[in-house]
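FYI, it's all coordinate maths here, none of it is from the lab. Small disclaimer: the values here were computed from a predicted structure and weren't measured. Here the Cβ is made from the backbone with ideal geometry for all residues, glycine too, and neighbour counts use every protein chain on show.
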Amino acid sequence: MTNNALDQVIDRFREVSDRPYEWLRQWKKDHNAKIAGCSPMHFPEELVHASGMLPVVLQETEETVTEGFSRVHSFFCGITRNVLDLAAKGKLDVFDNVLYSNICIQNTNAALSLKQILPKGRVAYVQLPTSLTRKTAMDDALMELERTKATLAEMSGRTIEDEAINHSIAVYNRHRALLRKLHKTCGANPDRLSFSTRQAIIRSGMVMPREAHTGLLEQLLESLEGIEPRASGGKRLFLSGHLCQAPKSEILDLIEGVGGRIVDDDLYTGYRYYALDAETGGDPMESLAARSLDTSIPVPTRSDGKIRWDKYILDRARESRSEGVVVLLAKYCEPHLFSYPFIKKTLADAGMPHIMIETEHEAMSLEGVKTRLQAFMEMLT
Ligand code: SF4
């Protein structure tokens, strides 16, 4: 495959990630199928897929929040204000249903407000266990997933058989495997694709039918294999944070513009989205429940004090031979604010340099960020 063909595949990803809701509107028209919006992070998308609806992870858009301010506090994070704003403006009407889960207080509050804005019965709430190591966690997870399955069956008008769920798990596992391959390929040579391009690829995979996205990923990976890797001259960085949404591409471009090379990450729109598969072949509900309780990829929205996100970040940064860590913290994100002091101390004690950048939904002064990033890069040995 030629560079030109590579550009064409990347354009297909960008077409979706740049304007996800417009793209979905056209897709719905062409396919006459139901679409379910899923709140980010711990939602079992495979169950939605098995119901025959298209699962779409809600995406933050650049829309200025106006109507949304009457629905949510102004000190709520960007994604909650953005989603409620889009709903109040009628821009979420592409979704037949919206499914929220208990990732944090702001998300829970957004679900309540969304129930008031969208037509009755269109919003459902999923309460997965937050403490992953309690004795009852498996039973609690199974019970909630069974309840969610019943809700989805009602929404889609289809009975959801185990065979269908196993098939959906296999579709998702294949998709995740290719995203992990891309992660590894680009981590080994970050100059192959800019990080914002990688983000566009992943975000489009949260929107498009996973089967179609898998096909495009296969083309992309094949074309990347044909391109000779170049030696990267930048500083190796581990990118952490942004718990449930993608960072602005301008910030990612700035990091690379000042000489940073992102070799690994723990972003939701990154490694966390595709890190964990669910097992196939057995009881699929048990498999999804077990995956939902897996503690190997820590995140502060699901914890019980024993799971050390700070230590995990340090370990991953070391394993990837990163020279420093960039922490992107979405403004007003409580779970991240709660965890950051621990991250700061753990990285400092271990002598791992880091910089924390607070990001905003609204326009930010990038000049200030650039100056801080430049100083950080100069500090790295
Ligand atoms: S995890 Fe953070 S950014 Fe995401 S909805 Fe909750 S508070 Fe907002």
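A compact table of results
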{"quantity": "For the chain, built as a Gaussian network whose Cα springs stay under 10 Å, the top-fluctuating residue of GLU228, GLU22, GLU323", "calculated": "GLU228"}
{"quantity": "Within a Gaussian network of the chain (alpha carbon springs, distance under 10 Å), most fluctuating of ALA164, ALA200, ALA350", "calculated": "ALA350"}
{"quantity": "The chain: mean projected area of Cα convex hull, nm²", "calculated": "18.4 nm²"}
{"quantity": "Residue-by-residue Karplus 3J(HN,Hα) for region 133-146, coefficients 6.51, -1.76, 1.60, Hz, glycine and proline x", "calculated": "10, 5, 4, 8, 4, 5, 4, 5, 5, 4, 4, 5, 5, 5"}
{"quantity": "Relative contact order computed over region 3-163 (Cα-Cα under 8 Å; 6+ residues apart), in percent", "calculated": "21 percent"}
{"quantity": "HN-Hα J in Hz across region 354-364 - Karplus 6.51, -1.76, 1.60, θ = phi - 60°, x for Gly and Pro", "calculated": "8, 9, 10, 10, 7, 10, 10, 5, 6, 4, 10"}
{"quantity": "About the Cα centre, charge dipole magnitude for region 328-369 (Lys/Arg +1, Asp/Glu -1 at Cβ), debye", "calculated": "220 debye"}
{"quantity": "Alpha carbon centroid spacing (whole Å) that separates region 9-26 from region 242-300", "calculated": "21 Å"}
{"quantity": "Computed magnitude of the charge dipole of region 39-154 (debye, nearest 20; Cβ of K, R +1, Cβ of D, E -1)", "calculated": "340 debye"}
{"quantity": "If the convex hull is drawn through the Cα atoms of region 3-163, its volume per residue in Å³", "calculated": "157 Å³"}
{"quantity": "Loop GluC sites (Glu not before Pro), region 146-225 (other Cβ atoms within 10 Å of the site Cβ: 13 or fewer; DSSP)", "calculated": "GLU161"}
{"quantity": "Net length gained if the chain between LEU276 and LYS370 were fully extended (0.36 nm per residue, minus Cα distance)", "calculated": "30.4 nm"}
{"quantity": "Assigned charges on the beta-carbon of Lys, Arg, Asp, Glu; the chain dipole about Cα centre (debye)", "calculated": "500 debye"}
{"quantity": "Selection from LEU24, LEU276, HIS73, by position along the positive dipole direction of the chain (Cβ)", "calculated": "HIS73"}
{"quantity": "Expected-Rg normalisation [2.2 N^0.38 Å, Cα atoms] applied to region 189-341", "calculated": "1.13"}
{"quantity": "Dipole of the chain [Lys/Arg +1, Asp/Glu -1 at C-beta], most positive-end residue of LEU373, THR214, PRO119", "calculated": "LEU373"}
{"quantity": "Base-10 log of normalised Debye intensity for region 271-381 (one unit scatterer per alpha-carbon) at q = 0.11, 0.16, 0.17, 0.20 Å⁻¹", "calculated": "-0.47, -0.88, -0.96, -1.17"}
{"quantity": "Length-normalised contact order of region 95-208 in % [C-alpha pairs under 8 Å, at least 6 apart]", "calculated": "16 percent"}
{"quantity": "Inter-site label distance for ARG19 and GLU67 at 7 Å from Cα along Cβ, in nm", "calculated": "1.9 nm"}
{"quantity": "Those residues of region 113-149 whose amide nitrogen sits under 11 Å from the label point placed on ASP283, 7 Å along Cα→Cβ", "calculated": "139, 142-143"}
{"quantity": "Cα→Cβ-extended label distance, 7 Å offset, between GLU154 and LYS344, nm", "calculated": "4.6 nm"}
{"quantity": "Rel. contact order, % - alpha carbon contacts under 8 angstrom, at least six apart, the chain", "calculated": "19 percent"}
{"quantity": "Part-to-part distance (alpha-carbon centres) for region 304-381 and region 35-99, which is given in Å", "calculated": "27 Å"}
{"quantity": "Separation of the ARG147 and ARG321 label points, Cα + 7 Å toward Cβ, nm", "calculated": "4.9 nm"}
{"quantity": "Positive-end residue, the chain charge dipole about Cα centroid, Cβ charges, pick of SER196, PRO335, PRO129", "calculated": "PRO335"}
{"quantity": "Non-local Lys pairs in region 3-163, i.e. 8 or more apart or on different chains, that have alpha carbons under 21 Å apart", "calculated": "15"}
